[in-house]
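Each remark here refers to the structure printed beneath this line.
Here, each number is a calculation from the coordinates, and none is a lab measurement. For clarity, every value in this text was computed on a predicted model and none was experimentally measured. Note: ideal-geometry Cβ built from the backbone for every residue, glycine included; neighbour counts use all protein chains shown.
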Amino acid sequence: MHRLALALALTLASGVAVFAEPPQSSPRPLPRPMLVGAAPIQMASLLPLPGTARPALRPVAPAAVEAAMAMALALASAAPARSPRPAPRPPRAVAPAALVPPSTTIASASALAPAQSSPAPRRGLAALFAPRPPKPARGSICGDPGIAGSEIAAIPAAVTGCGLVGGVAVTAVAGIPLSQPARVDCTTAKALKRWVEEGVIPAIGRRGGGLARLNVVASYDCRPRNNVADARVSEHGAGHAIDVAGFTLADGSTLTVLRDWSAESKLMRTIHASACGPFGTVLGPKADVYHRDHFHVDTARYRSGPYCR
Ligand SMILES: [Zn+2]
């Protein structure tokens, strides 16, 4: 009887101690075997009065749950060597707990532990097993050091003719940044790089200090051609097309298709013509009214050769 009270006190004390100082305590097995053996005696000699057992469960069970939580936490975060000292028992826990049959305490503890202690271990273990955030994409893509950007998640097809799998968001080609990332496939990214490197940069030359930025106004976009309802889905819907409105030079000045197609006709026409080859389709102000303010370039190929207007 005296031994039993001591055993109970130990159980509570260790539970309470862990409850009080979870991070500092190293896991210490509860003296359950002792209590299991003692259970029948306790059950027979100390039957709780009706109404006293239930309130007693509440202070005990959370402590046991906390013990399990603390153990999981300690396992996850290599507890220090400091051994646990039983904390002074809170007066509240002693009196009611002494009346509780240990078997009930153990049963409820083991029943509660797996269910209620799961959030805490998850918090501790999550730090160990959580997937690391993807590194920000840097450097080259599409196997070409001259193309910078990142791979993008597959874009599902909203309608037939749309969607982009294996796409990339191009942020620079041939060392020239794009005003906004162009979402295209790698074939189109390579065509863009070739056009800028072999066509645009040489055409602009030293003017304004040289080409500084490509002003992209559209890339992947699931829409009909020229935004005309009932028209075929544009090559933009497959990630094959880019619209370029103009070019910013190193001194901050700009060349725009809308303004400079006529005034700087030769330069802009040279740039337009140089896209024909890298791209299968090149459309500008001469093509139609829809392209008065940008060059549309896409990698759709025709048996008859590039279509450039
Ligand atoms: Zn376009």
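So the values come out like this:
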{"item": "Rounded if a/c under 1.5, otherwise prolate or oblate - segment 140-308, Cα gyration tensor axes", "result": "oblate"}
{"item": "Trypsin sites (Lys or Arg not before Pro) within segment 187-273, DSSP loop, no more than 15 other Cβ atoms inside 10 Å", "result": "Arg206, Arg232"}
{"item": "Placed amide H near Val217: partners under 5 Å, 5+ positions off or other chain", "result": "Asp243, Val244, Ala245"}
{"item": "Integer Hz, Karplus 6.51/-1.76/1.60 couplings in order for segment 206-214, x for Gly and Pro", "result": "8, 3, x, x, x, 5, 10, 7, 9"}
{"item": "Cα-based shape type of segment 159-242, given that a ≥ b ≥ c are square roots of the gyration tensor eigenvalues and the cut on a/c is 1.5", "result": "prolate"}
